[in-house]
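What follows is a short report on a single structure.
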Amino acid sequence: MKILGISAHYHDSAAALVVDGVPVAAVQEERLSRRKNDASFPLGAIEWCLGSAGLEPADLDAVVFYERSMLKFDRTLTSTLRAFPRSWRSFPSAAKNMLGEKVWARGIIASYLGVPRRKILFTAHHAAHAAAAFLTSPARRAAILTADGVGEWATLTVGRGERHADGRTDITLLREIRYPHSLGMLYSTVTAYLGFAVNEDEYKVMGLAAYGHPTFAEQVRRVIRRRDDGTFTLDLDYFEFHTTAERSYSSKFLDLFGPARTPYQPIDLETTEGRRFADIAASFQLVLEETLVAIASSLRRETGLPDLCLGGGVALNSVANARILNEAGFDRVFVPPAPGDAGCSLGAALYADRIYFKQPDRDVPDHPFWGPAIDPHELARAATEDGQGLQELDEPSLLERVADDLVAGRVVGWLDGAGEFGPRALGHRSILAAAQPAAMRDRLNRDIKFREDFRPFAPVVPIEYADRLFEMPAGGARLARFMSGVFPVRPEWRESLAAVTHVDGSARVQALERDMAPRLYDLLQAYGRRTGLPVLLNTSFNLAGEPIVSRAVEGYLTFRRCGIDVLVAGNAVVTKRVAAPVKSIKEYA
Ligand SMILES: [Fe+2]
């Protein structure tokens, strides 16, 4: 069967194509439209998915939308009416912002794609999250926990999945927590309070948390009240997201935590105000972790299953994921490369295949590379027209040459094969650099990513070395496969890994198996032969505020606009002619 999954009209629209039970293509609309977090109907992504498989819309057996849009409309209407008259002004904007065209999803899909309406299906939003987490993992039986801002009504679900020996698949969501009680909304509220962009900058709160102390934890526990079984309710007096589209926190929230930060106010950790913001981030982060650990622990006891699949945008919180692995009693925790709403396109398609159409179980390839592939000729053309020197090298020479560049302190743009599905660069659309000098982190923040100083960079390391350098619990390497867990750097290595060690001594490490990205793995080995330490700094190939590059020409334009010294696509290497002064690692140190 040929099934197209679609996420759209909230944030991070995406399309995914599943053929005979296995993904063949998946991409976020932003990677093609070049509009960050593009939420529009993902026509570009759909066209690319179908085109890459040589299909026309008429060939599809089903098109699956990632939530039941009428139920969501019902939720928006009901919560607005409940809050009336406070909310009377918010409904039109809530309807526009949160629903947009979604209520009419069936008509829109039918008219854009020309498929009959009977072929258009809907999954419950958290069923799509659950399927994206469970059906892309190698686990045959697992507990499932999903958490996000909100879908239709559910904001958190617990359940279990099983791939039976006879080919049947079950996904059962046992219980849910409903809007407006939501961990995602809680975290988005503090994101907005701290002056960052909601649905986009939540990870900045997590990064900032490491600089603070959870001195406001008691106050946060007043805002979110836990029950004995780990479930929770939000005290709605502290929030306004459910009644107005203008502000997510109430004046009572401000009374409790103090004035909010404006987006342009610098965070200076030398000042009391700067430290207060870091402490508030640390406090919300701590309470989020505690809540998730409590829910996961009770799910572990209830199901008796050793594996946990985590889905929903909250599963992007890699500090919380590591705590769940460490403390909730599971042997392994699986987080897919795209646990957020974009990943629901793939989840919805897989759910329809296994559950709705009852197609036989299939192993899903265990990698994130479902996006458009690099065309190295495109880079050759752009570089030649632009008068930049381009070399084409055979594979071994290229790896040796790039390893030399990295040792010399050069920053490398690395494009390889198909793009990642999901927000992390896992070795195909990466900016790579030496992980040793702290000055490298500052240079990347200043000259390349143009972003705040407190944002950490992540290391990538061959899986065989991960345990030696990082304090990985059993099962940690699995969480680190898609960079989904933060672990302590072993104290003796912190100085040698200064550019990728966060202020609290941790790192969001990617433990790379050769099978997943062999060229990057071989580059790490070549680099390790020179330095004794096969670890590189790996950050996504994009500038602040832009989507990760997709095509070689986008990589080239980014390379020309920032401080990247060397660009690699396939076997082509471009070295910037007007390079910034290059310092060796020794000079950085
Ligand atoms: Fe979601």
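The values are calculated or read from the model by the stated rules, or taken from the named source; none is laboratory data. Here the structure is a predicted model, which is why all the values come from computation and not from measurement. Reconstructed Cβ throughout: ideal geometry from the backbone, glycine too, with neighbour counts over all protein chains shown.
Miscellaneous remarks
- Scanning region 5-40 for residues that are within 14 Å of the ligand (Cβ to nearest atom) and not in a strand (DSSP E or B) yields a total of 8.
- Candidates 322, 342 - the one that is surrounded by 24 or more Cβ atoms within 10 Å (Cβ to Cβ) and either within 16 Å of the ligand (Cβ to nearest atom) or without any contact (Cβ under 8 Å) to a residue 12 or more places away in the chain (or both): 342
- Verdict on residue 315 being within 11 Å of the ligand (Cβ to nearest atom), small (Gly, Ala, Ser) and not assigned by TED's automatic domain parsing to the domain that holds residue 43: yes
- Restricted to helices (runs of 4 or more DSSP H) entirely inside region 497-589, those with at least 3 residues that are modelled with pLDDT of 90 or more are 518-531, 552-561.
- Residue list for region 270-312, restricted to those being touching a residue at least 12 places away in the same chain (Cβ under 8 Å) and at positive phi: 312
- So residue 45, is it at pLDDT 95 or above, touching a Phe, Trp or Tyr at 6+ places or on another chain (Cβ under 9 Å) and not in a loop (DSSP other than H, G, I, E, B): no
- Restricting attention to region 137-179 and to residues that are polar (S, T, N, Q) and away from the ligand (no atom under 16 Å from the Cβ), the residue that is nearest to residue 22 (Cα to Cα) turns out to be 137.
- Matching entry among 288, 254 (being closer than 20 Å to residue 126 by Cβ and either at pLDDT 95 or above or out of contact with any Asp or Glu (no Cβ under 7 Å at 6 or more places or on another chain) (or both)): 288
- Count - residues of region 107-135 that are in contact (Cβ under 8 Å) with a residue 40 or more places away in the chain and either within 16 Å of the ligand (Cβ to nearest atom) or part of a helix (DSSP H, G or I) (or both): 18
- Restricting attention to region 296-319 and to residues that are among the β-branched types (Val, Ile, Thr) and surrounded by fewer than 24 Cβ atoms within 10 Å (Cβ to Cβ), the residue that is nearest to residue 421 (Cα to Cα) turns out to be 319.
- Counted residues, region 505-532 - those being surrounded by fewer than 16 Cβ atoms within 10 Å (Cβ to Cβ) and among the acidic types (Asp, Glu): 2
- Annotation: of all residues in region 144-183 being hydrophobic (A, V, I, L, M, F, W, C) and under 18 Å from residue 317 (Cβ atoms), the one that is surrounded by the most Cβ atoms within 10 Å (Cβ to Cβ) is 144.
- Number of residues in region 296-347 that are in a helix (DSSP H, G or I) and in contact with a helix residue (DSSP H, G or I) (Cβ under 9 Å, 6 or more places away or on another chain) equals 21.
- Checking region 290-312 against the condition returns no match, with no residue being within 16 Å of the ligand (Cβ to nearest atom), out of contact with any Phe, Trp or Tyr (no Cβ under 8 Å at 6 or more places or on another chain) and under 18 Å from residue 510 (Cα atoms).
- Residue within region 159-173 that is more than 22 Å from residue 13 (Cα to Cα), β-branched (Val, Ile, Thr) and at pLDDT below 95 present: no
- Of the residues making up region 467-477, those that are in contact with a Phe, Trp or Tyr (Cβ under 7 Å, 6 or more places away or on another chain) and not in a loop (DSSP other than H, G, I, E, B) number 3.
- Taking the criterion of being in contact with a strand residue (DSSP E or B) (Cβ under 6 Å, 6 or more places away or on another chain) and either within 11 Å of the ligand (Cβ to nearest atom) or charged (D, E, K, R) (or both), the residues of region 325-339 that qualify are 332, 339.
- Taken over region 249-293, the criterion of being crowded, with 17+ Cβ neighbours inside 10 Å and part of a loop (DSSP other than H, G, I, E, B) is satisfied by 250, 260, 261, 267.
- Of the criteria (1) crowded, with 23+ Cβ neighbours inside 10 Å; (2) free of Cβ contacts under 8 Å to residues at least 12 places away in the same chain, which one residue 201 fails: (1)
- Only listed residue being under 23 Å from residue 12 (Cβ atoms), part of a loop (DSSP other than H, G, I, E, B) and of a type in the set (D, E, K, R), chosen from 200, 176: 200
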